[in-house]
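What follows is a short report on a single structure.
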Amino acid sequence: MNPMRRPGGTEAILQRDLTGRRLAAATAVQVLVMGAVIGAYELGRHFADGRPGDAFAHARWLWDLERTLHLPDEAAFQKWALGWDGWVRAANEYYVRVHFPAILLFMAWMWFRHREGWPRVRAVIAVTAAAALALHFAFPLAPPRMLPGHGFIDLMNEYGPSSYSSKPGEGMANQFAAMPSLHVGWALLVAWGAIRYGGGRLRYVLALHPVLTFTIVVVTANHYWTDGIVGCAIVVATLWASSRIPALADRPPERTGVSPARDSVGA
């Protein structure tokens with residue numbers, strides 16, 4: 001054997017370098033794609049702003065509808081919660097700080113650790129963002145904290161921090177885009193993904209993420225119950241639809257003699 005030629009030496013290094021370059025290029029493409037999706041969603045929300053009359057009319061209509069459906073009174077829920085000390089600032093921090101980092105970390109985890117599911121997750125995020133944006137245009141909605149006459153307290157404004165640095169109608173943030181709540185919808189997606197693709201029992205702890213998020217968006221008066229319900233319904237419907245598309249198959253190739261586990265959300 002040539003002493004200058006070690007098995008797995010130069011060839012292995014070159015192969016790793018080639019794989020690394022391809023992965024870096026593919027990662028850059030996915031970052032650009034998802035950056036464009038999220039950016040288009042946020043920019044679209046801004047352009048959907050500017051109809052406060054409709055937003056408040058829809059808020060009053062939705063409030064009456066929820067009472068007709070016997071959903072819990074959000075104002076009474078907030079008043080009850082305020083009887084407990086020490087949680088408001090933490091709830092506001094969770095609302096402001098967790099939503100986008102959670103979905104970004106989830107996307108990175110899917111891309112680097114569970115790439116077999118990445119096409120499906122990418123499609124679900126893109127479709128749900130588009131559906132939410134369409135609803136923002138069609139159904140502008142003032143959040144509960146803006147609804148007068150019901151005793152709501154704007155906890156973000158009173159205790160901080162606030163995710164809105166300007167008055168409604170100003171700045172990039174659309175404060176009349178309460179319907180649907182992707183805070184809740186995407187929290188459900190993260191929990192679903194962790195349970196479906198992750199391993200170990202600890203992944204089930206993330207099932208608390210959508211429950212906690214739903215509770216916080218309502219108790220802080222940023223969303224109605226219906227906003228969260230619709231957000232979850234959009235995600236569940238998109239997950240079901242994506243499970244029917246062969247190109248979005250999210251399981252590794254089956255091994256001979258091994259039956260794939262079945263999934264309660266359509267795959």
Completion exercise
Given the conditions (1) open to solvent by less than 10 Å² (accessible area, probe 1.4 Å); (2) within 14 Å of the chain's Cα centre (by Cα), every one holds for residue 136 apart from (2)
Handout entry: Single condition residue 117 does not satisfy, out of (1) open to solvent by less than 50 Å² (accessible area, probe 1.4 Å); (2) more than 16 Å from residue 185 (Cα to Cα); (3) out of contact with any Asp or Glu (no Cβ under 7 Å at 6 or more places or on another chain)
Key = (3)
Handout entry: Test: residue in segment 199-220 that is surrounded by 12 or more Cβ atoms within 10 Å (Cβ to Cβ), of a type in the set (D, E, K, R) and at pLDDT below 95
Key = yes
Problem - Unmet criterion (only one of (1) assigned to a helix (DSSP H, G or I); (2) open to solvent by 60 Å² or more (accessible area, probe 1.4 Å); (3) farther than 14 Å from residue 219 by Cβ) for residue 110 - result: (2)
Problem - Residues that are in contact with a strand residue (DSSP E or B) (Cβ under 7 Å, 6 or more places away or on another chain) and within 21 Å of residue 128 (Cβ to Cβ), drawn from segment 35-57 - result: 45, 48
Problem - Test result for residue 20, of a type outside the set (Lys, Arg) and closer than 30 Å to residue 131 by Cα - result: no
Completion exercise
The correct count of residues that are in contact (Cβ under 8 Å) with a residue 60 or more places away in the chain and open to solvent by 10 Å² or more (accessible area, probe 1.4 Å) in segment 180-193 is 3
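For (1) more than 18 Å from residue 181 (Cα to Cα); (2) out of contact with any Pro (no Cβ under 7 Å at 6 or more places or on another chain); (3) among the hydrophobic types (A, V, I, L, M, F, W, C); (4) touching a residue at least 12 places away in the same chain (Cβ under 8 Å), each residue gets a yes or a no:
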residue	(1), (2), (3), (4)
45	no, yes, no, yes
55	no, no, yes, yes
79	yes, yes, no, yes
88	yes, yes, yes, yes
110	yes, yes, yes, yes
116	yes, no, no, yes
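The values are calculated or read from the model by the stated rules, or taken from the named source; none is laboratory data. Bear in mind that the values here come from a model prediction, so they are computed numbers and not experimental data. All Cβ positions, glycine included, derive from the backbone under ideal geometry; neighbour counts span all protein chains shown. Calculation scope for accessible area: heavy atoms of the full protein, side chains included, ligands and nucleic acids excluded. Shrake-Rupley method; radii C 1.70, N 1.55, O 1.52, S 1.80 Å.
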